[in-house]
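Trainee: Before we start, here is the structure in question, set down as structure tokens.
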Amino acid sequence: MQDQHTDGFDLDPALNELASALGRLEPATPSGDRDAMLFELGRANGRRAARRVTWCTSLASVLLAVLVTVPVLRLLDTASHVSGQPSVASGPASDAKERSAMQSRVGAMDPPGARSDEPVVLVSSAPAPSSVFVLRQRVLRDGVDALPEASPSGLPTRNLRPGDNLIDRPTDRAPFERPRLFGPTTPGEPS
Amino acid sequence: MTWIDPTKLGDWYEAFSPSLSLYARQWVDAVAADDVVQDAFVQLMRQRSEPVHVKAWLFRVVRNGAISRTRSRRRRRRYELAVGQAGAAPFESRPDDLIDARLAASLLGELDGEQREAIVLRVWGGLSFDDVAATMGVSKATAFRRYEAGLNALRKRLETSCKTNTPTDSTSTRR
């Protein structure tokens, strides 16, 4: 087994002979043979691969769970912010005529078994943006006269539904006169 | 996934495992030495690429594995002293051997651990002095000195052994 070159070192020839004689001794063969060793190698490799697969599967499961849970939680959160709690507004209509008119308008939307004297449940939602902006423009242009009339009791005169036209409602009030803040006052007017 | 051809692994095992096992037996017993050698081949199989010098790499791994198995210095020392005297014979006895296998094992066991390591690596491992030095973690000159000193010690012991045996032989011849 031992090669004869001495890598640049000078060794006594007698010691070289001894080394050669020792080299002729064959070390004992290990108990396992080649096939047994290869079998053990394969088994160790398989065990390692199985551990790796298990680890990868666990990681993938956790990732998928997170990927599914986060969007669902976000959706639920957004939905609760948008819808809020449903509000109930009830009150007598101002007169029978108006009530019947409103019922005829909303009748198509009511479920078939709904009673007419039941309070209408309104889901509070923002009015259509176009109406709000149009109303705002009108208020800016014409003053507060453009606002719809409020009921004297503070209660709505009828149940409002999303999409009701709040702008073109007829008003029976006299047009609002702007107080004159500047300019000449008439002699009889109190200042 | 194996990057090294299993056929190559098998060939290496057949070629190097006896000397690797003999090397590991400096620190652990015969059974543990076989385990250490097998572990070294498992580690070799896990390498992504073949080491540049496979034999030297295997001897280093076997050394580390065997030393880590001893766990304590005292246990290591006990194994160093007991090597060649206990367990299965480290050499296979053949009729054409110039030196008796059991005598050689016994004399090796009496050597200093570092000298014995250098001799095993060089004689049965077939490593160059560069690789012997790298495996032992010493300089090339130190590795050579240990090898030379070990061989000198072996020669002296062999001479002593022959002188001790000669009178017996001569006595028996006279009879």
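Trainee: Residue by residue through the stretch A:36-67, note down the ones that are of a type outside the set (Gly, Ala, Ser) and at the interface with chain B (Cβ under 8 Å from one of its Cβ atoms).
Mentor: A:Met37, A:Leu38, A:Glu40, A:Leu41, A:Asn45, A:Arg48
Trainee: Taking B:Leu158 as the residue in question, decide whether it is at pLDDT 90 or above, under 23 Å from B:Leu98 (Cβ atoms) and not acidic (Asp, Glu).
Mentor: no
Trainee: Has the stretch A:4-11 got at least one residue that is within 29 Å of B:Ser106 (Cα to Cα), at pLDDT 80 or above, surrounded by 10 or more Cβ atoms within 10 Å (Cβ to Cβ) and not assigned by TED's automatic domain parsing to the domain that holds A:Pro162?
Mentor: yes
Trainee: Still on this structure, please answer the following. So the check is Cβ under 7 Å with 6+ separation or different chains; which pairs have a first residue in the stretch A:24-45 that's within 18 Å of B:Val31 (Cα to Cα) and basic (Lys, Arg) and a second one that's surrounded by 14 or more Cβ atoms within 10 Å (Cβ to Cβ) and at pLDDT 80 or above?
Mentor: Close Cβ pairs satisfying both conditions: A:Arg34/B:Gly10; A:Arg34/B:Tyr13.
Trainee: Tell me the residue from B:Val42, B:Val37 that is at the interface with chain A (Cβ under 8 Å from one of its Cβ atoms), farther than 10 Å from A:Pro30 by Cβ and not in a loop (DSSP other than H, G, I, E, B), please.
Mentor: B:Val42
Trainee: Across the stretch B:57-87, which residue is modelled with the highest pLDDT among those that are exposed (fewer than 13 other Cβ atoms within 10 Å of the Cβ) and not in a helix (DSSP H, G or I)?
Mentor: Applying the filter and picking the extreme gives B:Arg71.
The values are calculated or read from the model by the stated rules, or taken from the named source; none is laboratory data. Just so we're clear, the structure is a prediction, and the values are computed from it rather than from any experiment. In this analysis, Cβ positions are derived from the backbone assuming ideal geometry, glycine residues included, and neighbour counts consider all displayed protein chains.
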